[in-house]
Each structure stands twice: as C-alpha cells, then as structure tokens.
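Q: The following block contains the structure, expressed as structure tokens.
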Amino acid sequence: MCGIVGYVGDKSVCEVLTGGLSALEYRGYDSSGVAVIADNETKIYKAEGKLQNLKDLLAEKQNEVKTARVGIGHIRWATHGIPNEINAHPHTNNDGKLAVVHNGIIENYKELRAKLEQQGAIFHSETDTETVAHLVSQKYNETHDLKEAVRLATKELEGAYALCIIHKDVKDTIIATRRNAPLLIGLGEGENFAASDVPAIIEHTKRAIYLDDNEIAVLTPNSVDVYDSDNNKINPKVELLPWEPITLSKMGYKHFMLKEIHEQPDVIRNFLSGKLHTADSKAILNEVKLDKESLKNLNRIQVVACGTSLHAAIVGKYIIEELCNIPVDVEASSEYIYRTTVTDEHTLVIGVSQSGETADTLTAVKQSKARGSHILIITNRPDSAMAREADSLIPVDAGIEVSVAATKSYVAQLMAFYMLAIHLAEIKGSADENYLKEIKNELLVLPQKIELLLTKKEKIQKCSRMYSSSKNFIFIARGINFATALEGALKLKEISYINATGYPAGELKHGPIAMLDETLPVLSIMMTGKVYEKILSNAQESKARNARMIALTDSTDEKLEDLFDYVLNVPHVHELISPMMAIVPLQLLAYYIAEFLGKDVDQPRNLAKSVTVE
Ligand code: AGP
C-alpha cells in the first residue's frame, strides 16, 4: 500500500503531485506529503489525515514552491509508526538536502538504523523508510553520484520497496527504483513521471515503462535512462497504456459504494456479453489457455485469495464441485504461503484479486508457478503484477472500483467462477445438460432481477436504522451461501466498525449460541433450495434464545413473518445462483448502517484498497 508519485518538468509540480496522489488514494489515506526543490532548497510539506489537508497546506505555501521543477509525493497507509505528520513521507537525511518516498517494507530496517545511528544519523520518525534516506545519503557522500548511491544502498535493503529520491545538489533529477512493489515511469515531452499506478499519470501521458525488480531509472525533464542492478544501461520496453483519462464521478450517488452497488446488473451483463449468448449456447471462455485434454484430466484446483476475493473463491468452490466434479481447495493466501503445500504441476491454481496486487496472493501465485502449476488469474486489473504471472487470465471488467469496500468486483468475480465452471462442465460432460441450461438461463435473467431488488431499497434502509445501534451481529447460512454470510459480515465490519461474524448455521449450536440474547441480531440467509429447511431449524434455535431475528430470503412463505422480527425479501433465483442475489441486500444493509452512523463509507479507517504488504 502507500502511493508514490514523482514529477520533473515545467508544470506546477505540486499540482501534478497532488493530482497524482488523489488518483492513488485507494492505496492509503492516513497522511500524505510532498518534497520539492525550490529556490535551491529541499522543501518538505506533510499533513496528517486526508489528502485535502495537504492540498490546503500547499495552497497556503504556494509562493514557496512556485519555482520548483522537480518533486516527489506520497500517500500513506501506516506500517511502521502511527499515522502522524512526523511519520508521513517524504523523509530526509541529516542535512535535509535529500528526500525519499517509499512504498513497501524494509525488513532489516532495525539493524540498518542501529548502524546508521552509530555513524551519526539522526532519526526523527518511527518509520523503516527514514533508514533509506540516511543510507542513500551516506553512499552519496562517498560517491557524489545519486544513482550510484541508490544502487549501493538498495543492495543493503531487504524486503520490498518502490522508491523515488531527489537531492538538492542534483538538479532536476529523480532516481526511481523498485523491488517487489509496483512502480512505472511515465514518458512525456519535456517532462517525466514516476508513479505506483497508471491513474496517477494517465492524465499527462499514455507512454510508460514498467520497471523490473532492481532496475534504476534516472529521470530528468528531457531524458529517462534505465539501468540494471549492475549499472548496465538497458533499453526498456515502452508500453502504450490502454487507459483513457477518466473523471471518477459519483453520478449523483452520495458515495461511490452506493454507485458501485447499483452498477452490478451492468457488470453482470458486461461479463456475459461475448461469453454466453443464450441458455442453449455453449459458454465461450477463450481466456482459459489449457487445452481440452488437460482440462478434462484436471484432478485438483487450488484457489488462493484474500478478503472479499476469498469469499468469491469459496462460492467458486461450491460451483465447480457441483458442476465439474473436481475437488477445489480454497485458502487465504496469507496462510497458504507459509506452510508446506502439495500444489504441483497437476494442480490448476487460481489467484483471485480485484487489484491484482495483493502481496499475499501474488506470493502464493509465484510459489505455485515455481512448482509448475498452471496459473489462472481472475482480476479486475489485467495490467497488474498478478496478471503478468498468469498463464490464463480472466479479466472481470467491473470498471474502476473506488470504494474500499468491494462490491461490484465481487459479483464480477463470481461471474468468472460461474462461466469457468460451466465451460469446464461442458468440456468434461460432467453436468446434466438440462441442469446447465437452467443455470445459464438464470444467469441471463439475473441482471433484471437485481435491478428489481434495487428499486425496493426502503425496507433495507428501515432495517438498517432499526439495527444500527447493535454492537454485534451474526450472519448465518448453509451451503453455497456460507460465503455470503462471511461477505455480509465483512462488509458490515469494514464500513460500520460493528463486530459481525459469518457462521455456518449448523455450527451455531457448537458454541456461538452461548452469545445469543435479546440484544443480538441473527441474520439468517435463507435462500430456497436444498438447505432451506435446515437453516429454518437453526433459525428456530436462535429464536428460542430470544435473539433478534432477521431473515433474508427469496421464499414467499408468509409464516416467516411469525418467526422473524424482520424479513428482507429478494426475487427468487436458483440456489446455485443465489449468492449473486443474496449479497446485494447485505451490501446495502452495511452501507445504510454505516451511512446512518455517519462513517466514512468510501474510505473506512485503517484500510486501503490495495494491500501490497504481507
Ligand atoms: C473488501 O471489501 C476488502 N476491502 C478487502 O478484503 C479486499 O477484498 C482484500 O484486501 C483483497 O483485495 P484484492 O481483491 O485486491 O486482492
């Protein structure tokens, strides 16, 4: 996480930097800062809290920075040290001439810091990054060459970094380098850029160089030179960014999250177009590059993901096992990477990630790739680091998701699993044709059904107000909607800060039932199908313990009104498709509760959209 931007050129440096940082706010937003060289001085400005605080500060200081032609900026998601002004980047060295911004974690910073302190470096912050400032400064004093100083210093760093560095004595120059953290160089006319991600520079240029690990770029207004870690000048590939500058707008919605929830029917339509024409036609999934024989012979699938993507993967397991008769293991990437796994060349490994950048999932994918597995990536960012590791790539095309709480990318990921499972089942002949036809038909009519639900939000709003003072929530479900319970609880936790747990309903009596009393809402996800009666019994058990009873259901059984205090109805859908429908009211419930409580819905505290640290 954290976002970095660098600019060298004739435009207003601070405007370019803060404009770029605005586009990187999804990477963190607890503090920010810029450093510029103006009037022969390195000047650093930082602010705690939202980026607007830095913009306000720079507006006051505009006379101090107007001669700047070079600068670097940073937006932070705190790892080392609390989010305050001192720990905000850029960081500097003893004489204050050098400034550095960093994304990543320097794992050996304690040892380096102790050594540098002994040698006279004076530290002000608790960050790992300040070590880099002092280390590069030390090397610069020895070599009088900033690029060489960065090259030598990075050889001593362990961990992950993307770095931009400027120095007062090195005119109009940025040194940029990376290892296991993203950084691209934007190429302009008489100006050049460095940034963690495309949106930060796309307004200015569509030509870019993606730096590889350990490469070092030297940017001036009229040149970009790239070197490998042995100091050989290289000819990097210049790529045309397949992006259009877009102004992200809430389109009249109060928050991006609400807008993104409403975009879900179109996200489904978009995903289906070109892949499924009618219920009678076969699924087209040319993105899967394994040949038919290999697909037929697949005997195991391993899915790795985090957070909401992990929940999509759990739904994916149920779908694939139901239609394709292939065992699917799903594991949180952060667990998968630190144990002995038996994934090998006979396993299809699927990495699921909205951002395509999540460090744990990226590592899991790299590990599996090294063991010879075919890697299939399901992501919303086909230009991401994870996508570059893919043997097969399914872009979910949900469009930019601004709200930190994932909504439309989740349903898009589910669509990828439905289409993958149908495609596999059709190749293997593992599912009854009529059954597949029914599922395909349900998918094709699903967008209209969700649209219908979205026109009837009042009941969900009312429910949100009634339960917004609850301190805890339990979501229960069985079967394929177990993941819906987990995802509903995650949405509520992350944006309203209410403690919420998703539980398999059958497990309630094995412990959590002890918590039930008249203060605790139990939301039962009761979609009609195989497990409907079972979950009804589990709901009865909660009722007998005086819990506050909420149902989410596509059943029209009027008797539910007697058992539940509140019933949230959704249009009827096939059980296998039901997670797509059931999640929508839960996203809305979380949204309205958070909004009612006055929380920062799109940028909840302590979170970032892109989690690039393990
Ligand atoms: C979702 O609402 C969360 N913000 C978070 O759990 C997210 O899903 C997780 O960090 C994984 O991100 P990814 O999909 O970009 O890999």
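Q: I need the full set of residues from segment 303-325 which are under 14 Å from residue 579 (Cβ atoms) and among the hydrophobic types (A, V, I, L, M, F, W, C), in order please.
A: The answer is 310, 312, 313, 314, 315, 319, 320.
Q: Another question, then. Look at residue 328 and say whether it is touching a residue at least 12 places away in the same chain (Cβ under 8 Å), touching a strand residue (DSSP E or B) at 6+ places or on another chain (Cβ under 8 Å) and either under 27 Å from residue 197 (Cα atoms) or within 9 Å of the ligand (Cβ to nearest atom) (or both).
A: So residue 328 does not fit the description; no.
Q: Further question: Which is surrounded by fewer than 17 Cβ atoms within 10 Å (Cβ to Cβ), not assigned by TED's automatic domain parsing to the domain that holds residue 256 and not polar (S, T, N, Q), of 554, 562, 602?
A: Of the residues listed, the single one that is surrounded by fewer than 17 Cβ atoms within 10 Å (Cβ to Cβ), not assigned by TED's automatic domain parsing to the domain that holds residue 256 and not polar (S, T, N, Q) is 562.
Q: Run down 181, 217, 194 and say which single residue is touching a His at 6+ places or on another chain (Cβ under 9 Å) and buried (at least 24 other Cβ atoms within 10 Å of the Cβ).
A: Checking each option against the conditions leaves just 181.
Q: Tell me which residues, restricted to segment 263-314, are among the small types (Gly, Ala, Ser), part of a helix (DSSP H, G or I) and either within 16 Å of the ligand (Cβ to nearest atom) or modelled with pLDDT of 95 or more (or both).
A: Within segment 263-314, 307, 309, 312, 313 qualify.
Q: Here's something else I'd like to know. If you take the residues of segment 395-436 that are within 15 Å of residue 584 (Cβ to Cβ) and of a type in the set (Val, Ile, Thr), which of them is nearest to the ligand (Cβ to nearest atom)?
A: Ranking the qualifying residues of segment 395-436, first place goes to 407.
Q: Looking only at segment 466-488, count every residue that is of a type in the set (Asp, Glu) and more than 16 Å from the ligand (Cβ to nearest atom) and tell me the total.
A: Count: 0.
Q: Okay, next question. If you go through segment 409-439 one residue at a time, how many are in a helix (DSSP H, G or I), more than 29 Å from the chain's Cα centre (by Cα), farther than 14 Å from residue 285 by Cα and of a type outside the set (Ser, Thr, Tyr)?
A: Looking only at that region, the number is 7.
Q: In segment 151-193, how many residues are in a strand (DSSP E or B) and at negative phi?
A: Going through segment 151-193 one residue at a time, the tally reaches 20.
Q: Inspect segment 585-597 for any residue being assigned to a loop (DSSP other than H, G, I, E, B) and out of contact with any Leu (no Cβ under 9 Å at 6 or more places or on another chain) and give the result as yes or no.
A: Among the residues of segment 585-597, at least one is assigned to a loop (DSSP other than H, G, I, E, B) and out of contact with any Leu (no Cβ under 9 Å at 6 or more places or on another chain), which makes the answer yes.
A quick yes/no check of all residues on (1) surrounded by 17 or more Cβ atoms within 10 Å (Cβ to Cβ); (2) outside the structural domain of residue 169 (by TED's automatic domain parsing); (3) touching a Pro at 6+ places or on another chain (Cβ under 6 Å); (4) within 29 Å of residue 231 (Cβ to Cβ):
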| site | (1), (2), (3), (4) |
| --- | --- |
| 58 | yes, no, no, no |
| 94 | no, no, no, yes |
| 111 | no, no, no, yes |
| 135 | yes, no, no, yes |
| 139 | yes, no, no, yes |
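Q: Can you tell me which condition residue 491 does not meet? The list is (1) more than 16 Å from the ligand (Cβ to nearest atom); (2) under 27 Å from residue 601 (Cβ atoms); (3) surrounded by 17 or more Cβ atoms within 10 Å (Cβ to Cβ); (4) of a type outside the set (Gly, Ala, Ser), and all the others hold.
A: (1)
Q: How about segment 456-485: which of its residues are in contact with a Pro (Cβ under 7 Å, 6 or more places away or on another chain) and either in a helix (DSSP H, G or I) or among the β-branched types (Val, Ile, Thr) (or both)?
A: 460, 467, 474, 480, 481, 482, 483, 484 - these are the residues of segment 456-485 that are in contact with a Pro (Cβ under 7 Å, 6 or more places away or on another chain) and either in a helix (DSSP H, G or I) or among the β-branched types (Val, Ile, Thr) (or both).
Q: Then there is this: Within segment 337-388, take every residue that is small (Gly, Ala, Ser) and more than 13 Å from the ligand (Cβ to nearest atom) and give me the one that is surrounded by the fewest Cβ atoms within 10 Å (Cβ to Cβ).
A: 370
Q: Suppose we keep only residues that are buried (at least 24 other Cβ atoms within 10 Å of the Cβ) and under 16 Å from the mean Cα position of the chain (by Cα) within segment 389-400. Which one would you say is nearest to residue 25 (Cα to Cα)?
A: 398
Q: Continuing with the same structure: How many residues are free of Cβ contacts under 8 Å to residues at least 12 places away in the same chain and not aliphatic (A, V, I, L, M) if we restrict to segment 236-258?
A: Qualifying residue count, segment 236-258: 5.
The values are calculated or read from the model by the stated rules, or taken from the named source; none is laboratory data. Treat the numbers as computed from the prediction; the structure is a model and nothing was measured. With ideal geometry, Cβ positions are generated from the backbone for all residues, glycine too; neighbour counts draw on all protein chains shown.
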